[in-house]
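Below you'll find the structure, written out as structure tokens, and then a few comments.
The values are calculated or read from the model by the stated rules, or taken from the named source; none is laboratory data. Since the model is a prediction, treat every value here as computed from it, not as a measurement. Methodologically, a virtual Cβ is constructed for each residue, glycine included, from the backbone with ideal geometry; neighbour enumeration extends over all protein chains shown. Accessible surface areas use protein heavy atoms only, side chains included; no ligands, DNA or RNA. Shrake-Rupley method; radii C 1.70, N 1.55, O 1.52, S 1.80 Å.
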Amino acid sequence: MASKRSSGGRFFSSIKSSLSNIAKIPISKSVNSIDEIEVISPDGDRVDATVEATKGKWIPDERESLWKLAKKYIGGDIISLNYTPISYMEPATNVSRMAELMEYSHLLDQADICEDPYMRMLSIAASWALSVYFALSRPTKPFNPIVGETFEMVNHDGITYIGEQVSHHPPIDAAHAENEHFIHDITSNLRTKLLGNSLDIYPSTRTRITLKRDGVVLDANPPHIRANNLIFGRLWVSLSGELTLTNMTTGDYVVFKFQPPGWFGGSRGQVDGYVYNAAKEPKILMTGKWTKSLSYQPCDKEGKPLAETELKEVWKVADLPEKDKFQFTYFTHKLNSLDTAPRKMLASDSRLRSDRCALEKGDLSKVSREKSSIEARQRNEQKRREANADKFLPKWFDLSDEVKATPWGDVRAYKYNGKYDEHRAAIDTSTDKDVDIQPTEFNPWQYSDTKIESRK
């Protein structure tokens, strides 16, 4: 791990040591006499956990009902579990949510043209490696994608983006983004473990960023994620451990360390890190909050700030809509709209899901009906594939022989096959009169005549 690469980091260690006597550590406490339920205040203070347990979205009867259900799955992976209360959902899917990686893509553009190799790593670390986690601070869950579901994006920094759910069991999503400066490829195979009132999320991913000017290739390893207070208390997300970003061309690397909740006087979201050279010497220190901003400062070999330098902000969260129902950024709202959709987008696009659209409009009763209908049709398609000995094959990505080892299991990479570029070129040069008419019905289906049957 990156922590074994270097002994740098004494600057942040000294700060933590000086503040350790005033750190407020979250506490855990049973909320009844039968079950030991961990409840942690998102404020990082020493409030009575029995008081915190009464907060959040649920009334007492709902909490007890959900807790009885959750106990059946403790210790298990619930990533594909369809039972999620609508009030915990957001009008997006995991496939469309991956496109949020591109919100701060201008920093990747800057990295491509940057002459300083360490500032280049800083730009990449601040753009992809940190900014994406702000979306995780939303206390809502996206819809599970349908196998073959896609998401396209254009009209943002010259990027052409295609994402696809390439496997349903296990759920695996792949995406490819490209503009004149960079190529971004990701295969994501999230795994989870229900602990009771919290959920561990293991981001088993394979990520590659290629900067086009010099052909630099970078690899990323994300941190551990935990959703706290699923049922009792206010839901919030924490990150722990390390995020590493490695320049596979030069050997330079970045290490971010996510501080446990409660450090720095309960300052949730604290993250510190360094840019190192290939000789394992720290060159730039970084500090901030993954929920707000990141600043940097040149440092010496001991990790201490250089004299006559000062902290400078390199990234901050974009302005947010006031009192937004789903806590979306302006960019996320733009992704959900047709503003970022290409001409004649694919009918398998997440934007067209009837359950997602209903939730966006606030029609909660329709959300449940449409969600059940879509999931029923997916089950029936799977039964038909099994009966016909058919195999689902993604359209835009091919399963490769490359296997990426992660702390949470191996990930076999899906690689972009280039067919989407051919598809888009044909659409963009077409003279057909209906080329500018967008589809209105969600259709990722392999069989056009599969009947929709209710679950028995």
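Cα-based Rg of region 145-186 per 2.2 N^0.38 Å, rounded to two decimals?
Working: Rg = 11.5 Å, N = 42, 2.2 N^0.38 = 9.1 Å.
Cα Rg divided by the expected 2.2 N^0.38 Å: 1.26.
Residue-wise, which Karplus ³J(HN,Hα) couplings in Hz belong to region 270-276, taking 6.51 cos²θ - 1.76 cosθ + 1.60, θ = phi - 60°, and x for glycine or proline?
5, 9, 10, x, 9, 9, 10
Normalised radius of gyration for region 300-393, please: alpha carbon Rg relative to 2.2 N^0.38 Å, two decimal places.
1.84
What are the ³J(HN,Hα) couplings of region 306-315, residue after residue, when phi is run through the Karplus curve with 6.51, -1.76, 1.60 and θ = phi - 60°? Round to Hz, x for glycine and proline.
Listing the rounded values in order: 5, 4, 6, 10, 9, 5, 10, 6, 10, 8 Hz.
Expressed as a rounded percentage, what relative contact order does the chain have, with Cα pairs under 8 Å and six or more residues apart? Walk me through the numbers before you get to the answer.
Details: 945 pairs, mean separation 77.1, N = 456.
Reported as a whole number, the value is 17 percent.
If you take the beta carbon distance between ASP43 and GLU322 as r and set R0 to 30 Å, what does 1/(1 + (r/R0)^6) give as a FRET efficiency, to the nearest 0.05? It would help to have the intermediate numbers written out before the result.
Working: r = 22 Å, r/R0 = 0.73.
That pair, ASP43 with GLU322, gives E of 0.85.
For region 50-124, what does the accessible surface come to per residue with a 1.4 Å probe? Please give it in Å². List each step's numbers first, then the result.
On the way: 3330 Å² over 75 residues.
Per-residue accessible area for region 50-124 comes out at 44 Å².
Strictly over 29 Å apart at the Cα level, which of LYS68/LYS383; LYS371/LYS404; LYS371/LYS433; LYS212/LYS334; LYS395/LYS433 would you flag in this model? Walk me through the numbers on the way to the answer.
Working: LYS68/LYS383 31 Å; LYS371/LYS404 33 Å; LYS371/LYS433 33 Å; LYS212/LYS334 27 Å; LYS395/LYS433 26 Å.
From LYS68/LYS383; LYS371/LYS404; LYS371/LYS433; LYS212/LYS334; LYS395/LYS433, over 29 Å: LYS68/LYS383; LYS371/LYS404; LYS371/LYS433.
How large is the direction-averaged shadow of the alpha-carbon convex hull of region 339-450, in nm²? Can you show the working numbers first?
On the way: hull surface 42.3 nm².
The number I arrive at for region 339-450 is 10.6 nm².
Cα-based Rg of region 163-283 per 2.2 N^0.38 Å, rounded to two decimals?
Details: Rg = 17.1 Å, N = 121, 2.2 N^0.38 = 13.6 Å.
In units of the 2.2 N^0.38 Å rule of thumb, it is 1.26.
For LEU108, LEU311, what's the largest-to-smallest order of accessible area, 1.4 Å probe? Working shown, then result.
Working: LEU108 5, LEU311 90 Å².
Sorted descending by solvent-accessible area, the residues read LEU311, LEU108.
Using only helices, what value at 222 nm comes out for the chain when you add -39,500 (n - 2.57) per DSSP H run of length 4 or more and divide by the total residues, to the nearest 500 deg cm²/dmol? Can you show the working numbers first?
Values: 11 runs with 100 residues, N = 456.
Taken over the chain, the calculation gives -6000 deg cm²/dmol.
Note down the nm distance, to one decimal, between modelled labels 7 Å out along Cα→Cβ at ASP61 and at ALA278.
6.7
Between ASP428 and LYS304, what FRET efficiency comes out of the Förster formula 1/(1 + (r/R0)^6) with R0 = 60 Å and r the beta carbon distance, rounded to 0.05?
About 0.65, to the nearest 0.05.
Residues with amide H under 5 Å of ASP300's amide H, sequence separation 5 or more or different chain, H placed in the peptide plane at 1.01 Å from N; which?
The answer is LEU306.
What number, in nm² with one decimal, is the all-direction average of the projected area of the convex hull of the alpha-carbon atoms of the chain? It would help to have the intermediate numbers written out before the result.
Working: hull surface 96.8 nm².
Averaged projected hull area, Cα only: 24.2 nm².
Quick one: what are the phi-derived ³J(HN,Hα) couplings along region 209-226, Karplus 6.51/-1.76/1.60 with θ = phi - 60°, whole Hz, x for glycine and proline?
Listing the rounded values in order: 10, 10, 8, 6, 4, 10, x, 5, 10, 10, 10, 10, 10, x, x, 6, 10, 9 Hz.
Which distance in nm do the two modelled labels at VAL51 and THR440 give, with both placed 7 Å along the Cα-to-Cβ direction?
5.4
Please report, in debye to the nearest 20, how large the charge dipole of the chain is about its Cα centre when each Lys and Arg carries +1 at its beta carbon and each Asp and Glu carries -1 there. Before the final figure, lay out each step's value.
Numbers: 63 positive and 64 negative charges, 290 e Å.
Its charge dipole is roughly 1400 debye.
Computed FRET efficiency, Cβ-Cβ of LYS366 and THR291, R0 41 Å: what is it to the nearest 0.05? Display every interim value, and only then the final one.
Numbers: r = 33 Å, r/R0 = 0.80.
That gives a FRET efficiency of 0.80.
In the chain, what percent of the accessible surface is made up of carbon and sulfur (1.4 Å probe, ligands and nucleic acids excluded)? Spell out each step's value before the answer.
Values: 10850 of 21150 Å².
Carbon with sulfur: 51 percent of the solvent-accessible area.
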